[in-house]
1. Going by the conditions given, is GLU79 among the acidic types (Asp, Glu) and either part of a strand (DSSP E or B) or crowded, with 19+ Cβ neighbours inside 10 Å (or both)?
2. Please find, among HIS110, HIS101, the residue that is closer than 22 Å to PHE132 by Cα and more than 17 Å from the chain's Cα centre (by Cα).
3. What number of residues within the range 136-145 are out of contact with any Ser or Thr (no Cβ under 9 Å at 6 or more places or on another chain), free of Cβ contacts under 8 Å to residues at least 24 places away in the same chain and among the hydrophobic types (A, V, I, L, M, F, W, C)?
4. Which ones in the range 31-70 are touching a residue at least 60 places away in the same chain (Cβ under 8 Å), surrounded by 15 or more Cβ atoms within 10 Å (Cβ to Cβ) and not in a loop (DSSP other than H, G, I, E, B)?
5. So which of PHE130, PHE119 is touching a residue at least 12 places away in the same chain (Cβ under 8 Å), under 15 Å from LEU11 (Cα atoms) and of a type in the set (Phe, Trp, Tyr)?
6. Looking at MET148, is it farther than 15 Å from ILE55 by Cα, touching a residue at least 40 places away in the same chain (Cβ under 8 Å) and out of contact with any Cys (no Cβ under 8 Å at 6 or more places or on another chain)?
7. Residues in the range 90-99: is at least one in contact with a Phe, Trp or Tyr (Cβ under 9 Å, 6 or more places away or on another chain), without any contact (Cβ under 8 Å) to a residue 60 or more places away in the chain and surrounded by 12 or more Cβ atoms within 10 Å (Cβ to Cβ)?
8. Filter the range 111-136 down to residues that are in contact with a strand residue (DSSP E or B) (Cβ under 9 Å, 6 or more places away or on another chain), in a loop (DSSP other than H, G, I, E, B) and of a type outside the set (A, V, I, L, M, F, W, C), then give me how many there are.
Amino acid sequence: MNSAPANLAPLITDLVQVSVVVRNLDATMKHYVETAGIGPWAVYDNFGPPDVTDILARGQPATYRIRIALTWTKDRMWEIIQPVGPSVYQEFLDERGEGMHHTLVAHAGHRFEDVLARFRAGGCEPLMTFRFRGIRFAFIDAMEQLKMYVEVLERPEGTTLPPKRPATPPDYWYPHAPSADHVW
């Protein structure tokens, strides 16, 4: 078995988020709450432009709209995505069915462009890049090498991941809004 050189600094330094793509966001949230006790969920029914800009899918201009739900367990974010129309998310559903789409990872000590270059050197090209409120994101197609897509972002200096509550009020909470003393 080959091993990485001892002086190779880890590119992925932490797991921040697990994201699944589904056909029915509401049914999936219900299962997460009832089966695993994960919630409450902040739900956004119309996520996409204008908050999401500069979208490129496989290097070509694109757009998308999704329904999205977020919650946290301690220091990990959970994300459920239901595509609404054509997108890399819908392609995933059509080709692979429901399941884990990507993990958002930290890459401490590595600049965003260097992370993309290092993945490219390993044969992993960006599947989709975009900006969310000015912050750059990339989904790296590491399906062959890592058996998943990997999401990286250019985190502004001094910010931490993940946030403990959504920065923007959701369209609604499921199954209810968290109490003021709710511990993620």
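The values are calculated or read from the model by the stated rules, or taken from the named source; none is laboratory data. In this text, all values refer to a predicted model and were calculated from it rather than measured experimentally. Here the Cβ is made from the backbone with ideal geometry for all residues, glycine too, and neighbour counts use every protein chain on show.
1. On the way: among the acidic types (Asp, Glu): yes; either part of a strand (DSSP E or B) or crowded, with 19+ Cβ neighbours inside 10 Å (or both): yes.
The answer is yes for GLU79.
2. HIS110
3. Within the range 136-145, the subset out of contact with any Ser or Thr (no Cβ under 9 Å at 6 or more places or on another chain) is 140-145.
Going one step further and asking which of them are free of Cβ contacts under 8 Å to residues at least 24 places away in the same chain, we end up with 141-145.
Among the residues that remain, those that are also among the hydrophobic types (A, V, I, L, M, F, W, C) are: 142-143.
Of the residues in that region, 2 qualify.
4. Pass one, the range 31-70, residues touching a residue at least 60 places away in the same chain (Cβ under 8 Å): 33, 39-46, 51-59, 62, 69-70.
Restricting the remaining residues to those that are surrounded by 15 or more Cβ atoms within 10 Å (Cβ to Cβ) gives 33, 39-45, 52, 55, 57, 62, 69-70.
Correct list: VAL33, TRP41, ALA42, VAL43, TYR44, ASP45, VAL52, ILE55, ALA57, ALA69, LEU70.
5. Values: PHE130 fails: under 15 Å from LEU11 (Cα atoms).
Going through PHE130, PHE119 in turn, the sole match is PHE119.
6. Details: farther than 15 Å from ILE55 by Cα: yes; touching a residue at least 40 places away in the same chain (Cβ under 8 Å): yes; out of contact with any Cys (no Cβ under 8 Å at 6 or more places or on another chain): yes.
Answer is yes for this residue.
7. yes
8. Going through the range 111-136, the residues in contact with a strand residue (DSSP E or B) (Cβ under 9 Å, 6 or more places away or on another chain) turn out to be 112, 115-116, 119-120, 122-136.
Adding the requirement that they be in a loop (DSSP other than H, G, I, E, B) leaves 122-125, 133-134.
With of a type outside the set (A, V, I, L, M, F, W, C) added as a condition, the list becomes 122-123, 125, 133-134.
Residues meeting the conditions: 5.
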